[in-house]
Amino acid sequence: MNNAVVINVIRFLLILVFQGYVLKRISEIVFGGFYFEILFYPLFIMLLPFRTPRFLQLFLAFLMGICVDAFYDSPGVHASAAVFLAFIRPVILSWLAPRDGYNANYSPTMARYTFPWFLRYASLMLIFHLFFYFSVEAFTFVYIMDILLKTISSFVTSMVFIMVIMFSFNPVD
């Protein structure tokens with residue numbers, strides 16, 4: 001089996017277990033899940049290699065989202081937000097493309113690109129994901145202030161977790 005496939009399968013499982021068993025419990029116990037949630041699983045979609053075919057990105061995002069939905073008892077909310085994130089990923093990558101373009105053999109990590117580049121990339125991806133997620137969860141824009149409040153507060157906490165993991169493990173591929 002290809003090394004990148006093994007790395008991404010292990011990454012998928014570790015992120016899923018961490019999201020479902022650790023972060024969900026932290027949000028429930030400490031914060032009651034009222035104003036924000038710590039959503040870490042978008043990192044899996046962010047770190048998919050550039051050469052991953054589009055249909056596979058969408059499928060893996062759906063699979064991750066539906067697995068997280070199983071932990072959170074939220075049928076389809078995480079899956080739809082994850083698929084949306086995979087759908088807009090090429091657009092965000094094109095906005096942030098370096099002058100020489102991307103090397104198709106790599107993943108968009110902090111080790112391959114600079115910290116400011118990764119911070120912009122992860123921030124854009126996460127803010128779009130969270131806004132979509134809370135919009136679908138509310139299912140109406142009548143609660144736009146609550147959606148924005150939850151998006152901003154969840155963005156801060158989720159981004160802290162993502163950056164701590166990226167600095168701690170600093171994956172190359």
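Using the eigenvalues of the Cα gyration tensor, what equivalent ellipsoid semi-axes result for region 73-168 when each is taken as the square root of five times the eigenvalue, whole Å, largest first? If you can, show how the numbers build up before the last one.
Details: eigenvalues 144, 45, 29 Å².
Three semi-axes, in Å: 27, 15, 12.
If packing is taken as the average number of other Cβ atoms within 10 Å across a peptide's residues, how do 62-75, 135-148, 90-103, 10-23 rank, most packed first?
62-75, 10-23, 135-148, 90-103
Taking the Cα atoms of the chain, what is the range of coordinates along each of the three principal axes, in descending order and whole Å?
43, 32, 30
Run the numbers on the chain and let me know its relative contact order in percent, using alpha-carbon pairs under 8 Å that are six or more apart.
On the way: 187 pairs, mean separation 46.9, N = 173.
Relative contact order comes out at 27 percent.
Could you run the Debye sum over the Cα atoms of region 14-96, one equal point scatterer each and no solvent, and tell me log10 of I(q)/I(0) at q = 0.18 Å⁻¹, two decimals?
Those come out to -0.75, one per q.
What do you get for the angle between helix 3-17 and the principal long axis of the chain? Use alpha-carbon atoms, 0 to 90 degrees, nearest ten.
For helix 3-17, the angle is close to 10 degrees.
All of the numbers you see were taken from the coordinates with simple rules; none came from a lab. Source: prediction; values computed, not measured. Counting neighbours? That spans all protein chains shown, and the Cβs are built from the backbone with ideal geometry, glycine included.
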